[in-house]
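Peer 1: Sharing a structure below in structure tokens format, with a few things to ask.
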Amino acid sequence: MNLKNINLEECLKLLKEKKISSKELTSFYLKEAEANKNLNAYISMNSDNVIKLAEESDKRILNNTARPLEGVPIAIKDLFCTKDILTTAASKMLDNFKPAYESTVTQNLWDAGAILLGKTNLDEFAMGSSNETSFFGASINPWSKDKKKYVSGGSSGGSAAAVAGNIAIAATGTDTGGSIRQPASYCGIVGLKPTYGRCSRWGIVSFASSLDQAGPMTKTVNDAALMLDAMAGYDKKDSTSANLEKTNFYKNLKNNKKLKIGIPKQYKNDQLNDEIIKLWDLGIEYFKKNNCEVVEIDLPHTEYALATYYIISSAEASSNLARYDGVRYGLRNNSENINDLYEQTRSEGFGNEVKRRIMIGTYVLSAGYYDAYYLKAQKVRSKIINDFKKAFEKVDIIFTPTAPSDAFEQGSKIDDPIQMYLNDVFTVPASLAGLPAISVPMGLSNNNLPLGFQIIGKSFDEDSVFSAAKIIEENSNFKKEDKK
């Protein structure tokens, strides 16, 4: 039995039919993770506990008391607090931090029967688009070849690399401006950012509180629905959590929908190369073949989204990261003077990209610049939200590229922040509007690297997003593409 390429849906079927045990499955993935350490996908493994947890799941399966994800070992982005288990946010600031509590999303997954395989790599405090800002070094895209190392994307690059590299069946990520969707595109997997408020943010290390959202990273659309059903839910500990009925997206996937598809004219710009435009047109034909109507839509404020995002997210990061001062937890410099303690701790604990965003955020929130930058950015954000509202009066979902290119080589953009930020040009508008969006792999670039396409839906209409994603997945049949 080939366990290496197994997806979540297949895994659950094998476990249910007792054709494999959770202990066997978990042992296999522990060995695979060890054998593929060169990917640097994991920061830490749960080696001490995971076999015991697998044995407990096997007992439940034998007793016919299995829960929805019983016995499946999954990877968790190292931004989710896991009780008594190292949680670093890929930063020197937290390289010895073991929380005394569990994040709501991970607790939901454990309650559903999933077990923790390991904590995955990311850009430091989720700030980055290539996983190169991690204190523990960059994760590597499993599609790398010919002695070239390609980025796995960011910030959830470790989760993307783990799933694409077959050293995790599924994983969690977080998405602030594209941090699930972009790495999913680069690594040829499915990545979903749910509607803001669908999944609790409690226990997730904060970057930008009005944007951060947890989501699944998987091999298939069905797997993403299974994961989201377990992850989502109202949480009274999170004031931004939406109080909604329990979801069943996996069951609803079987209901085929005739959708009206929007194509934003602003996204077809000079930045796109011919191979992406060709795949985009092919995706449009897939929708038409499935009796969907395709119409052009207008999102006039799209060109301002990237600047708006980096002002707002940096301002929120400046506020959220003020707590890392060397006093309460994390790294502490032993300076006797309190001002030196703050300064030296933050200088030593934060990497360059985190410092850059803290300084930008502090600047735009400072007296004399608040109105000119932060307040203006919030007004533009409102216009972007209204653009989407008007568009969704005409269409059910919006179909766009996920990223303007395939994965780039490590080191090629790390010294040019502007070029790095441009990787998020297609993902940040949906984040600013708090909308659900999924990236689905469609094909390979001329470099034989994956290219993903994005489907954006109305608030809390993940059902339509999943339905559209299934059309793309089934027609492109990317899962049968062989790595060159």
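Peer 1: Could you please let me know if ASN423 is surrounded by fewer than 22 Cβ atoms within 10 Å (Cβ to Cβ) and at negative phi?
Peer 2: Numbers: surrounded by fewer than 22 Cβ atoms within 10 Å (Cβ to Cβ): no; at negative phi: yes.
The answer is no for ASN423.
Peer 1: Answer yes or no as to whether PHE466 is surrounded by fewer than 24 Cβ atoms within 10 Å (Cβ to Cβ) and either touching a Leu at 6+ places or on another chain (Cβ under 9 Å) or more than 16 Å from LEU228 (Cβ to Cβ) (or both).
Peer 2: So PHE466 fails the test.
Peer 1: Based on what the data block shows, is LYS83 farther than 22 Å from CYS199 by Cα and more than 18 Å from the chain's Cα centre (by Cα)? Even if it seems obvious, please write down each step before you answer.
Peer 2: Values: farther than 22 Å from CYS199 by Cα: no; more than 18 Å from the chain's Cα centre (by Cα): yes.
No, not satisfied.
Peer 1: Next up: Just the residues that are over 16 Å from the mean Cα position of the chain (by Cα) and basic (Lys, Arg), please, taken from the range 197-249.
Peer 2: Hits for the range 197-249 are LYS236, LYS237, LYS246.
Peer 1: Let me ask you something else. Does at least one position in the range 90-109 carry a residue that is farther than 30 Å from TYR234 by Cβ, touching a helix residue (DSSP H, G or I) at 6+ places or on another chain (Cβ under 6 Å) and free of Cβ contacts under 8 Å to residues at least 40 places away in the same chain?
Peer 2: No - not one qualifying residue is present in the range 90-109.
Peer 1: Would you point out the residue of the range 1-24, among those that are in contact (Cβ under 8 Å) with a residue 60 or more places away in the chain and part of a helix (DSSP H, G or I), that is nearest to ILE76 (Cα to Cα)? I'd like the intermediate steps shown before the answer.
Peer 2: Of all residues in the range 1-24, those in contact (Cβ under 8 Å) with a residue 60 or more places away in the chain come to 4-9, 11-12, 22.
Checking the rest, the ones that are also part of a helix (DSSP H, G or I) come to 8-9, 11-12, 22.
Numbers: LEU8: 15, GLU9: 18, CYS11: 18, LEU12: 19, SER22: 18 Å.
Per the criteria, the residue is LEU8.
Peer 1: Does the range 415-434 hold any residues that are among the hydroxyl-bearing types (Ser, Thr, Tyr) and at pLDDT 95 or above, and which are they?
Peer 2: Result: THR427, SER431.
Peer 1: Just a yes or no: is a residue in the range 227-240 part of a helix (DSSP H, G or I), small (Gly, Ala, Ser) and either at pLDDT 95 or above or within 21 Å of LEU451 (Cα to Cα) (or both)?
Peer 2: Yes, the range 227-240 contains a residue that is part of a helix (DSSP H, G or I), small (Gly, Ala, Ser) and either at pLDDT 95 or above or within 21 Å of LEU451 (Cα to Cα) (or both).
Peer 1: Taking the residues in the range 70-126 that are of a type in the set (D, E, K, R) and outside any loop (DSSP other than H, G, I, E, B) as candidates, determine which candidate is surrounded by the most Cβ atoms within 10 Å (Cβ to Cβ).
Peer 2: Going through the qualifying residues, I end up with LYS77.
The values are calculated or read from the model by the stated rules, or taken from the named source; none is laboratory data. Everything numeric here is computed off the predicted structure, so don't read it as measured data. Cβ atoms come from the backbone with ideal geometry, glycine included; neighbour counts cover every protein chain shown.
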